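The values are calculated or read from the model by the stated rules, or taken from the named source; none is laboratory data. In this text the structure is predicted, and so the values were computed from the model without any measurement. Cβ placement follows ideal geometry from the backbone for every residue including glycine, while neighbour counts extend to all protein chains displayed.
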Amino acid sequence: MRRYPAGVADLRSALAVPRPKVSVPRRIDRALERPRLLQNLAAETTWATHGPDVLLACAPAGYGKTTMLAELTEERRAHGVPVAWVTCTRDDDGWTLWNAVLVAVREVTGPPAGLLATLDAPTGPSDPAFVADLIAAVREEAPGLVLVLDDAHEVRDADAVEGLRHLVEWADGSLRVVLGCRFEPPIGLHRLRLSGRLHEVRAADLAFTPGEADEFWSRHDIDLTAASRATLHVLTEGWPAGLRLAALSLEGGGDAESFVTQFSGADRPVADYLAGEVLIRLPDDEVSFLLRSSIVEQLSVDLAAVLTGRPDAAAVLDDLAQRNALVMPLDRQGAWFRYHALLRSYLLAALTRRDPAERARLHALAAQWFLGQDQPLAALEHASDSGDSALVDRVLRDTGLGLLLAGAGAAVRRSIARLPAPARGTAAVLVHRALLAVDDGDLVEADEALAELAAVPDDASDARLTSLRRAASLHRARLAADLAGARASGLVAAAGSSNLPPDLDPDVRLLVLADRGALRLFEGDDEGARRDLHRAAKLARTAGLASIQLYCKNLIAGAYVAQNDLVEGRRAAERAIAFATERGWGRSPTMAYAYVLAGWTSFQALHPQEAATWAATAIDVLDTTVDVEVEGSARSLEAIIAFDEPSERRAALGRLERVTAWRTERGGSPAITAAAAPHELRMCLGLGEWRLAEQAVVRAENRLGPGGDAAVLQAQLASARGRPSDARRLLEPVLRGGLEPRRATALTTAWLLDALLAARSDRTPAATESLLTALRVAAPTGVGRPFLDAGTEVHALLAGLRGRAGHVEPFLEQVLTGIDDVLAWQASPGGAGRGHGAEHEPPTSAPAGGWLTERELVVLRDLPSMMTLGEVADAQGISLNTVKTHVRSIYAKLGVGTRREAIAAARALGLL
């Protein structure tokens, strides 16, 4: 069997699937073989080769479902059919269940390859893509595989149940599913039943026949009269567990006939009655053994020895297992056992009644044993069951962060919720309350926990706890993009510094590097962000934490984009998306940022359809756990892309204005402002919203400071207002290198505007040189959007450069082709201009002749009326000649020749 490597630092090993969970239970000596069950399956359904896709064995406890499924597994394996086995438990959530399924499948398929080797259990909400990928992987590598999920009714977690629903719905001949359960789980089995895809084995099928019961008594050497046998069969209705319990009691001696006459389940549940009879008839030392060891659902012989104080625990368990079916071996080596669920529940209740303090002490012993075995999840659960708040606190302090990083946050949350109110106020608990709240996107709860934590003195005697406190503060600051709070944590040094306190343990170091990298990206320290994130990704890879790796990969892509390397940014985003898709995490909210980056780089590279698809996907996967940067970026991108559709322009601008105000209120990063502000200005000018345009420029300058980005925005506004000299004055320091914009697209835009101003003043050589400079600046980034947004005058100038662009000629062709493609896409029925006709030139970011002035817009808005131009002049209080001058300018800018055409073109552009 394949084993995972052991090691304290390896969180994957610490949380490895227990062997019993994926092992077929060992057969018990003297267990009754019932070939009719397998024969019926073969004869009636030929299930194992081409019958129904799902087999349901559903009956109350003790009907032999597990035994039948184990026999089926052995029989199928003997015929060369790969069969994977997983025993479900009530504590299974989506992660633990699917992690066990992957382990079980990989063990029976041999060394995994292809898709199966890349799959990881989802750590977030239910992800149908993971189930689809699992089925596809089996179809590719082990067609015909049978997956047995025993005790499927124990699965209660909503995400796990949802995943099972998809599994049985999509199961096909390449993957068949077997469910053993006491009652049907809510996974849509009725649909399979109606379609004939479900074969069922029920209690009536599993109950002992009179002949099987007779053989059962003979195997146990119990001599009963035919009447007594018939009586027991009627009373138990062939319930195998009832017969086994009765046999165990009868093996202890005494008057068998008297026992039969007194046997009745009318006054109390049969399981409780028989369990009481069994315990009474067993020796006191074995009763004590069962009581003290019953606190663990799956019991290793080593742990049994610790709990009971008996060095011969292995022999006791083996003897009990061989004598009856109440104690069942879980592996072939006799190292792990479990008690029948009904017996265990009876034992636990009896232990609580007799000595609740003893039960608590035993749970504490189990917690300490599991902690020593590097199984923190089990240690935390037993510590909680012990009621020992100090022990829970210790386990949380030592292993809680590792559990959170490994995706076991639900267990940590349950343990904290069970603590009494005073115990929820210790430093270790408050730290983990804050960490959980941040992961839930709940800033209010995080702040409450951190406020309580601040009131708990830190004497610095526990270095790990001190670092955990600081890491929790940094984690909260990362979610809120709070740079002041991040610096207050003491874990964010000056920009460019990579130092961390030397005493941080690996878990804390990983969390801090990931959070600090995100905050440095927000702050604009892009190189420092990439350094931290690469270090965090390496630690996560070593620990086997794929979800943290993905988080870092997303942000690394963002750092490239922030550094104006859109080519590498796009590649990094695609790598993150592929990494997530391979693991079935394509719909995780974590992926919103990568989708935004893919959409933004596609938009800048003049691939609008790709950009729109990525933006829509990013919006679709958002949820409350996504921070302000990601959500602000996603919603800004969607609005900017939507503006390319004339009918959506005003709505798109409204959405961008709202998300900009929201980002500003929440303290959004300068990087997003620098990227979005030029498009906000373009949208405002395109709709003639001069007041909003001015506000956009002022807001950007306040956020970015008086640098190159703000100067370019001011120059664009001045040019649109018809003040070319002001525009040239504002551009001068940017073009000469005195003011360097933080984004390369701003510098490209500056040179394009300079080229346009030069061309309008008949300085053709200067215009040509500015165009060539713009191409040289943009070529390394592959960004073509500024050339499209510059308008048709610049498009014509670019076309005139063909054959004269030197080493940037290939990029010039790429830009011109991209512009043509975008304009064609906008005009196509399925593109941005769908439904608006094509009698006019497809709309671009500005009218053909440039932006309309404020006065021209006033005149334009009177043109759809029935007024003559003279009446328009009278209404506006200006001369007729002035109105005619404005009209001629409007016609020229819109590229039309009549009033009717001007009205139609203005409506297509969203100006009316």
Unique residue being out of contact with any Lys or Arg (no Cβ under 7 Å at 6 or more places or on another chain), farther than 30 Å from Arg763 by Cβ and among the acidic types (Asp, Glu) when the list is Glu740, Glu631, Glu701: Glu631
Which listed residue, of Ala213, Ala207, Ala203, is in contact with a Cys (Cβ under 9 Å, 6 or more places away or on another chain), closer than 22 Å to Leu38 by Cα and either of a type in the set (Gly, Ala, Ser) or in contact (Cβ under 8 Å) with a residue 24 or more places away in the chain (or both): Ala203
Some residue of segment 105-127 being surrounded by fewer than 23 Cβ atoms within 10 Å (Cβ to Cβ) and within 25 Å of Arg193 (Cβ to Cβ): yes
Where Asp91 falls short, out of the listed (1) farther than 15 Å from Glu582 by Cα; (2) modelled with pLDDT of 90 or more: (2)
Any hit, segment 126-146, residues being in a strand (DSSP E or B) and either out of contact with any His (no Cβ under 8 Å at 6 or more places or on another chain) or touching a residue at least 12 places away in the same chain (Cβ under 8 Å) (or both): yes
Close pairs (6 angstrom Cβ cut-off, 6 or more residues apart or separate chains): over 16 Å from Asp526 (Cα atoms) and modelled with pLDDT under 90 in segment 565-581, assigned to a helix (DSSP H, G or I) and of a type in the set (Lys, Arg) anywhere: none
Tally, over segment 443-471, of residues that are under 10 Å from Leu430 (Cβ atoms), part of a loop (DSSP other than H, G, I, E, B) and of a type outside the set (Gly, Ala, Ser): 1
Selected residue (criterion: farthest from Leu32 (Cα to Cα)) from residues of segment 45-65 that are hydrophobic (A, V, I, L, M, F, W, C) and at pLDDT 85 or above: Val54
Pair list, Cβ under 9 Å, 6 or more apart: segment 720-735 residue assigned by TED's automatic domain parsing to the domain that holds Pro678 and under 17 Å from Glu793 (Cβ atoms), other residue among the basic types (Lys, Arg) and surrounded by fewer than 17 Cβ atoms within 10 Å (Cβ to Cβ): Pro724/Arg760
Those helices (runs of 4 or more DSSP H) lying entirely in segment 505-562 with at least 2 residues in contact with a Gly (Cβ under 7 Å, 6 or more places away or on another chain), closer than 21 Å to Trp585 by Cα and in contact (Cβ under 8 Å) with a residue 40 or more places away in the chain: 546-562
Total residues in segment 350-362, condition farther than 19 Å from Ala379 by Cα, hydrophobic (A, V, I, L, M, F, W, C) and loosely packed, with under 14 Cβ neighbours inside 10 Å: 0
Pairs where the first residue, in segment 585-611, is within 13 Å of Gln826 (Cα to Cα) and the second is charged (D, E, K, R) and crowded, with 21+ Cβ neighbours inside 10 Å, C-beta under 9 Å, 6+ apart: Leu606/Arg785; Pro608/Asp644
Selected residue [over 35 Å from the mean Cα position of the chain (by Cα) and either assigned to a helix (DSSP H, G or I) or at pLDDT below 85 (or both)] from Arg77, Arg3, Arg12: Arg77
Tally, over segment 613-636, of residues that are part of a helix (DSSP H, G or I) and in contact (Cβ under 8 Å) with a residue 60 or more places away in the chain: 2
Tabulated pairs, segment 338-361, first at pLDDT 90 or above, second of a type in the set (S, T, N, Q), C-beta under 8 angstrom, 6+ apart or interchain: Arg359/Thr352; Ala360/Ser386; Arg361/Ser386
Set Asp374, Asp385: member being out of contact with any strand residue (DSSP E or B) (no Cβ under 9 Å at 6 or more places or on another chain), surrounded by fewer than 22 Cβ atoms within 10 Å (Cβ to Cβ) and in a helix (DSSP H, G or I): Asp385
Residue count, segment 649-669 (criterion: farther than 17 Å from Val596 by Cβ and in contact (Cβ under 8 Å) with a residue 40 or more places away in the chain): 3
Options Leu735, Leu747: the member that is buried (at least 22 other Cβ atoms within 10 Å of the Cβ), at pLDDT 90 or above and not polar (S, T, N, Q): Leu747
Subset of segment 388-415 [touching a residue at least 40 places away in the same chain (Cβ under 8 Å) and part of a loop (DSSP other than H, G, I, E, B)]: Ala406, Gly407, Ala408
Any chance Glu610 is of a type in the set (Asp, Glu), surrounded by fewer than 22 Cβ atoms within 10 Å (Cβ to Cβ), assigned to a helix (DSSP H, G or I) and under 27 Å from the mean Cα position of the chain (by Cα): yes
Residue in segment 71-104 that is surrounded by the most Cβ atoms within 10 Å (Cβ to Cβ), counting only those that are without any contact (Cβ under 8 Å) to a residue 60 or more places away in the chain and in contact with a strand residue (DSSP E or B) (Cβ under 8 Å, 6 or more places away or on another chain): Val101
Scope segment 155-178; condition over 24 Å from the mean Cα position of the chain (by Cα) and either part of a helix (DSSP H, G or I) or among the basic types (Lys, Arg) (or both); matching residues: Arg176
Residue match in segment 154-165 (condition: in contact with a helix residue (DSSP H, G or I) (Cβ under 7 Å, 6 or more places away or on another chain), under 30 Å from Ala247 (Cβ atoms) and surrounded by 15 or more Cβ atoms within 10 Å (Cβ to Cβ)): no
Segment 218-256 - residue that is at pLDDT below 80 and exposed (fewer than 13 other Cβ atoms within 10 Å of the Cβ) and, of those, nearest to the chain's Cα centre (by Cα): Val234
